[in-house]
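The values are calculated or read from the model by the stated rules, or taken from the named source; none is laboratory data. Keep in mind the model is a prediction, meaning the values are calculated, not measured. In this analysis, Cβ positions are derived from the backbone assuming ideal geometry, glycine residues included, and neighbour counts consider all displayed protein chains.
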Amino acid sequence: MKTIMMMYVTVMPVILAEVANRFFCKSDILNWTYQPIDGGFCLSDGRRFLGANKTWKGFWGMIALTTFFQVVWGLILGIIPHFLSLSLVAGYHNDIFFNLFFGFLLGSAYALCDLPNSFIKRRFNIPAGHEGQGKARWVFIVLDNVDSFIGCIAVVAIFSPMTFPYYVGYVLLGGLAAFLLDVLLQITQAKRIKSLGRK
């Protein structure tokens, strides 16, 4: 249990940023950055390189928000020493400079590792924002949730070396958190729409 807690305490800024970035992308703030990263470019198969859902707003938003939440989370952990001791990077100075650097790396790894999955889905002719069909559906559901944590946990491993089984376990735990958050947000949105429909 402690091992699981250590993982979640360490990557909590990423989880918070992931939720915040969804609201940020749907807002009107910096709308001019809501442009597809691939610029609408298609490969010889006629399919988009990444798709319309991968935008510069979401990419840079994730990096900026993870950096922000890492700094805030560092301040919170500084107030609660017990929680700080659970962080996998507790051996480093919990100051604003380290947290800015570490948060930037986490956010960058998350944003970059989110892109290959979109490229693969376009090759399978899966529309942006959709899941695969049949057996492939479950494969892409797993990929959709673990892809970014492959990068995030790799960053953590640079500062806190771990065995390969631990690495895989942490990636799966991160993916589980992302999946549960996605389900929770979908339920919340469905309830909101239902509530608005009654008014």
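Of note:
- The residues listed here are Met1, Met6; of these, the one that is loosely packed, with under 13 Cβ neighbours inside 10 Å, closer than 20 Å to Gly175 by Cβ and more than 15 Å from the chain's Cα centre (by Cα) is Met1.
- Checklist (1) over 22 Å from Met5 (Cβ atoms); (2) part of a loop (DSSP other than H, G, I, E, B); (3) in contact (Cβ under 8 Å) with a residue 60 or more places away in the chain; (4) in contact with a helix residue (DSSP H, G or I) (Cβ under 8 Å, 6 or more places away or on another chain) applied to Asn125, failing item: (4)
- Meets criteria (aromatic (Phe, Trp, Tyr), loosely packed, with under 13 Cβ neighbours inside 10 Å, modelled with pLDDT under 85 and farther than 19 Å from Pro36 by Cα) for Phe140: no
- Screening Ala64, Ala52 for residues that are within 20 Å of Leu115 (Cβ to Cβ) and part of a helix (DSSP H, G or I) leaves exactly one candidate, Ala64.
- Residues satisfying the stated conditions in region 147-161, i.e. more than 16 Å from Gln70 (Cβ to Cβ) and either in a helix (DSSP H, G or I) or touching a residue at least 60 places away in the same chain (Cβ under 8 Å) (or both): Asp147, Ile150, Ala154, Ala157
- Annotation: Leu50 fulfils all but one of (1) in contact with a Ser or Thr (Cβ under 6 Å, 6 or more places away or on another chain); (2) modelled with pLDDT of 90 or more; (3) not acidic (Asp, Glu); the unmet one is (2).
- Test: residue in region 70-87 that is farther than 23 Å from Gly169 by Cα, assigned to a helix (DSSP H, G or I), within 17 Å of the chain's Cα centre (by Cα) and among the polar types (S, T, N, Q): no
- Residue among Ile158, Ile150 that alone is over 17 Å from Asp114 (Cβ atoms) and either modelled with pLDDT of 90 or more or among the hydrophobic types (A, V, I, L, M, F, W, C) (or both): Ile158
- Which numbered condition Ser108 fails, given (1) free of Cβ contacts under 8 Å to residues at least 40 places away in the same chain; (2) of a type outside the set (A, V, I, L, M); (3) within 30 Å of Asn53 (Cα to Cα): (1)
- If you go through region 35-72 and keep only what is of a type in the set (Lys, Arg) and buried (at least 18 other Cβ atoms within 10 Å of the Cβ), you end up with Arg48, Lys54, Lys57.
- Check on Tyr92, under 18 Å from the mean Cα position of the chain (by Cα) and modelled with pLDDT of 85 or more: no
- Yes/no for Ala20 being modelled with pLDDT of 90 or more and either assigned to a loop (DSSP other than H, G, I, E, B) or small (Gly, Ala, Ser) (or both): yes
- Residue list for region 48-88, filter: aliphatic (A, V, I, L, M) and touching a residue at least 24 places away in the same chain (Cβ under 8 Å): Leu50, Ala52, Met62, Ile63, Ala64, Leu65, Val71, Val72, Leu77, Leu86, Leu88
- Selection from region 89-99 of residues that are in a helix (DSSP H, G or I) and either in contact (Cβ under 8 Å) with a residue 60 or more places away in the chain or surrounded by 15 or more Cβ atoms within 10 Å (Cβ to Cβ) (or both): Phe98, Asn99
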